[in-house]
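This report refers to the structure that appears directly beneath it.
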Amino acid sequence: MNTPARIACLVTLAVLLSACAVPRIIVHEDPLTPADRLRLGLAYEQEGKDDLAEQEYRRALSGEPLAHLALANLLFRQERFGEAEKSYDRAVRALPDDPEPRNNLAWLLLTQSRDLGKAERLAEEAVALAQDPAIKAACENTLASVRAARAAKSGG
């Protein structure tokens with residue numbers, strides 16, 4: 001084979017091989033922050049789009065502690081009590097100074113008539129943490145309801 005033909009073959013081979021190159025993987029960053037995802041989830045929930053709200057809350061979990069509480073509240077409202085309880089437990093850990101996850105978990109346990117000792121402890125913690133008078137009153141109401149249920153269950 002002569003030199004010009006050999007060069008043409010090599011160029012053709014190089015073009016064909018370059019078309020078979022390893023593809024580049026392009027990773028696009030999510031333009032929305034976890035806080036944005038939480039706000040979007042809240043908007044979806046207000047519009048009655050619970051499936052989309054849940055999806056956004058779950059996307060926000062890694063960087064937005066309030067997403068645990070929002071997800072738990074949604075699951076509780078949907079009567080998905082087991083999932084809601086787990087989410088409230090996570091919210092309690094993620095929001096150590098917030099009375100709401102404790103109060104809501106205590107209320108969930110009360111509505112299920114189970115683990116009322118834990119419910120009372122959580123409600124007491126919520127009352128102690130509550131600074132806002134309206135929130136404190138709600139937590140005190142939960143605590144009184146749990147104590148009444150415990151008294152009724154023990155027969156006194």
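Computed from the coordinates by the stated procedures, all read-outs in this text should not be read as laboratory data. Because the structure is a prediction, the values reported are computed rather than measured. Cβ placement follows ideal geometry from the backbone for every residue including glycine, while neighbour counts extend to all protein chains displayed.
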Cα axis of helix 34-46 to longest principal axis of the chain: angle in degrees, 0 to 90, nearest 10?
-> 60 degrees
In whole Hz, the Karplus estimates of ³J(HN,Hα) for region 108-114 (6.51, -1.76, 1.60; θ = phi - 60°; x where Gly or Pro) are 4, 4, 5, 5, 8, 6, 9
If you work out log10 I(q)/I(0) by the Debye sum over Cα atoms at q = 0.11, 0.16, 0.19 Å⁻¹ from the coordinates, which of (1) -0.45, -0.98, -1.38; (2) -0.54, -0.91, -1.12; (3) -0.43, -0.91, -1.22 do you get?
-> (2)
Report, ordered by chain and residue number, the lysines lying within cross-link reach of K49, taken as a straight Cα distance under 30 Å and ignoring same-chain residues fewer than 8 apart.
-> K86
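Using the crude model of +1 on Lys and Arg Cβ and -1 on Asp and Glu Cβ, and no other charge, please compute the dipole size for the chain relative to its Cα centre, in debye to 20.
520 debye
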Give a residue-ordered list of calculated ³J(HN,Hα) values for region 122-128 (Karplus: 6.51 cos²θ - 1.76 cosθ + 1.60, θ = phi - 60°; whole Hz; x for Gly, Pro).
-> 5, 5, 4, 4, 4, 4, 5
Could you tell me which of I135, L109, L122 has its Cα farthest along the dipole of region 99-156 towards the positive end, charges placed at Cβ (Lys, Arg +1; Asp, Glu -1), taken about the Cα centre?
-> L109
Two pseudo-spin positions, 7 Å from Cα along C-beta at I25 and at A128, lie apart in nanometres by 4.8 nm
Can you pull a Stokes-Einstein diffusion coefficient for region 99-156 at 37 °C (0.692 mPa s), Rh from Kirkwood over Cα pairs, as a whole number of µm²/s?
-> 303 µm²/s
Taking only the alpha-carbon positions of region 33-96 and ignoring solvent, what does the Debye formula give for the base-10 log of I(q)/I(0) at q = 0.15, 0.19, 0.22, 0.25 Å⁻¹?
-> -0.37, -0.59, -0.79, -0.99
